[in-house]
1. Taking the highest mean first, how do the peptides 29-37, 141-149 order by number of other beta carbon atoms within 10 angstrom per residue?
2. Relative to the longest principal Cα axis of the chain, at what angle does helix 148-158 sit, 0 to 90 degrees, rounded to 10?
3. Take peptides 155-164, 222-231 and line them up by average Cβ neighbours within 10 Å, highest first, as a rough protection proxy.
4. As an exercise, use a Förster radius of 41 Å and the Cβ-Cβ distance of residue 204 and residue 113 to find the FRET efficiency, rounded to the nearest 0.05.
5. Listed highest first by mean packing, meaning other Cβ atoms within 10 Å per residue, what order do 234-243, 80-89 come in?
6. What is the gain in length, in nm to one decimal, between residue 129 and residue 217 on full extension, counting 0.36 nm per residue of separation less the C-alpha to C-alpha distance?
7. What is the P(r) of the chain, as percent of Cα-Cα pairs per 10 Å bin from 0?
8. Between residue 89 and residue 175, what length comes free when the chain is fully extended (0.36 nm per residue of separation minus the Cα-Cα distance, one decimal in nm)?
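Taken together, the values in this text are just the output of simple stated rules run on the coordinates, not laboratory data. A quick note: this is a predicted structure, and the numbers were derived from the prediction, not measured. As a convention, Cβ positions derive from the backbone with ideal geometry for all residues, glycine included, and neighbour counts pool all protein chains shown.
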Ligand code: 3PY
Ligand code: MG
């Protein structure tokens, strides 16, 4: 045993803090990341090695469970990529469970009113800003290893809260939604919006893109960052050039499928 080994000292060293997503959004950075439906820590690591800024574990559409999300969050941290969870509904216990497993951000679908936005904002932050459920024995609090007082402050400081506006009602109430403190990003969901506008799936239809553009303009003019989803690079670039900062780009399974399909087409050519 080495002479300087001290058994009374913990062997765990705090990692260097990295700039969190919330700060990056405040600083005006444009950030990219895919939705993840696979229960695969390997694919999360690949997303990190590829250089994405975040991954969104999708529990709205897909089979992921909380236990899996906790393990996938570990994989994300391993490669320095932020873990965000999309819950399946705007429920405070769901929001706090996702943050408790260590997610850096929360994405909540179908926000359509000021009340719903306030419910989300309150669920994602501890007092005095909100009333997130308190437990210091969760992974986010390092199972009680974290300094209790710093934990609450840092969690409030670093948690990225993203409200999805993806229906006509949400778009109509955008002004009220934007008035709720604590919402960091308004995310326009083009697919659900296309359905709500009567053209399901036609995300490139002018009916849909006009509404998305209107949301982008109004949110930005009120000082709120905007996010959206892009299936391909050209639409991602288009939204980026219009000032969208939070770009969820494609889906793990979709990217794998496209790569395989292209490979097969090239092999058979
Ligand atoms: C939508 O477009 O409806 C989404 O939920 C995300 O892209
Ligand atoms: Mg949607």
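1. Answer by packing, highest mean first, reads 29-37, 141-149.
2. Long axis of 148-158 versus the principal axis of the chain: about 20 degrees.
3. 155-164, 222-231
4. Between residue 204 and residue 113 the formula returns 0.90.
5. Ranked by mean Cβ neighbours within 10 Å, highest first: 80-89, 234-243.
6. 29.0 nm
7. Taking all Cα pairs of the chain, the binned fractions are 7, 29, 35, 19, 7, 3, 1, 0 percent.
8. 28.8 nm
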